[in-house]
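One structure is given here, and the rest of the page talks about it.
The values are calculated or read from the model by the stated rules, or taken from the named source; none is laboratory data. None of the values given here were measured: they were computed from a predicted structure. Please note: Cβ atoms are built from the backbone with ideal geometry, for glycine as well, and neighbour counts cover all protein chains shown.
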Amino acid sequence: MEVKNLKHLRENLKSLIENIDKNINALYEIATKDEKTGLYNYKFFQEILNIEFEKAKRGENLSLAIFDVDNFKQINTKFGHIKADKFLIKIAKIIESCVRKSDIVARFGGEEFIVLLPNTTSIKAKKVAERIRKSVEEKLKSFHITISAGLTEYKKRDSETSFKKRADKALYKAKETKNKIIVL
């Protein structure tokens, strides 16, 4: 009788541990992921940026790209919000497919995406950004959807704020002509 009880207790304990693991994984997803695109959310991105920024201060290369969907308001008007959201999801998947597992891709807000490229110079990062740009243009060609990007590399004396502002400034320059990558 005691052996049966012990076996039953072990099974219950195993089941409880599995449920705890599932709940921890679910909470991790809620805390770190953007619910629309499945990419990391900006809060989690910022935590990773803090870590990678410290490494850059010690001499490791670090690049940052900010992507924005060109003419997204017109896309929303033409296709509606539900279809436009599907385009955002598709673009998120395209970006993820063009980067390494060590790169961090997050939804920056609205129709903007941000990509942190550790151990990457701006020359290499531009190739990645260009691959993303071309892939979006090609895969969404029939809908005339393109993206632009601003890109920068960590420079001595950068703060996280100046680093992000430079990428943002480059993005605004790229948006002037659309479907372009600008490096500052």
Item checked: Unique match (being over 23 Å from residue 91 (Cβ atoms), of a type outside the set (Asp, Glu), at pLDDT 95 or above and surrounded by 13 or more Cβ atoms within 10 Å (Cβ to Cβ)) among 45, 53 -> 53
Next item on the list: Give just the number: which of (1) at negative phi; (2) of a type outside the set (Asp, Glu); (3) over 14 Å from the mean Cα position of the chain (by Cα) does residue 104 not satisfy?
Entry: (3)
Checklist line | Given (1) farther than 22 Å from residue 126 by Cα; (2) over 13 Å from the mean Cα position of the chain (by Cα); (3) not aromatic (Phe, Trp, Tyr), number of the condition residue 41 does not satisfy | finding: (2)
Next item on the list: Count, please, the residues in the stretch 37-59 that happen to be out of contact with any strand residue (DSSP E or B) (no Cβ under 7 Å at 6 or more places or on another chain), touching a residue at least 40 places away in the same chain (Cβ under 8 Å) and part of a loop (DSSP other than H, G, I, E, B).
Entry: 1
Note to self: For residue 97, only one of the following conditions fails: (1) surrounded by fewer than 15 Cβ atoms within 10 Å (Cβ to Cβ); (2) over 23 Å from residue 36 (Cβ atoms). What is its number?
What the structure shows: (2)
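Condition check ((1) in contact with a strand residue (DSSP E or B) (Cβ under 8 Å, 6 or more places away or on another chain); (2) touching a residue at least 12 places away in the same chain (Cβ under 8 Å)) across all residues:
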| position | (1), (2) |
| --- | --- |
| 81 | no, no |
| 84 | no, yes |
| 96 | yes, yes |
| 99 | yes, yes |
| 102 | yes, yes |
| 115 | yes, yes |
Next item on the list: Scan (1) over 10 Å from the mean Cα position of the chain (by Cα); (2) closer than 26 Å to residue 135 by Cα for the single condition residue 28 breaks and write down its number.
Entry: (2)
Item checked: Leading residue by the ranking (surrounded by the most Cβ atoms within 10 Å (Cβ to Cβ)) among those in the stretch 27-36 that are free of Cβ contacts under 8 Å to residues at least 24 places away in the same chain and not in a helix (DSSP H, G or I) -> 33
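Taking the criterion of being on the phi > 0 side of the Ramachandran plot, touching an Asp or Glu at 6+ places or on another chain (Cβ under 7 Å) and either surrounded by fewer than 21 Cβ atoms within 10 Å (Cβ to Cβ) or in a helix (DSSP H, G or I) (or both), would at least one residue in the stretch 116-126 satisfy it?
First, the residues of the stretch 116-126 that are on the phi > 0 side of the Ramachandran plot: 119.
Retained after the next criterion (residues that are touching an Asp or Glu at 6+ places or on another chain (Cβ under 7 Å)): 119.
In the following step, the residues that additionally are either surrounded by fewer than 21 Cβ atoms within 10 Å (Cβ to Cβ) or in a helix (DSSP H, G or I) (or both) were identified as 119.
Yes; the residues of the stretch 116-126 include at least one that is on the phi > 0 side of the Ramachandran plot, touching an Asp or Glu at 6+ places or on another chain (Cβ under 7 Å) and either surrounded by fewer than 21 Cβ atoms within 10 Å (Cβ to Cβ) or in a helix (DSSP H, G or I) (or both).
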Next item on the list: Could you look through the stretch 136-169, keep only residues that are assigned to a helix (DSSP H, G or I) and touching a Ser or Thr at 6+ places or on another chain (Cβ under 6 Å), and pick out the one that is surrounded by the most Cβ atoms within 10 Å (Cβ to Cβ)?
Entry: 167
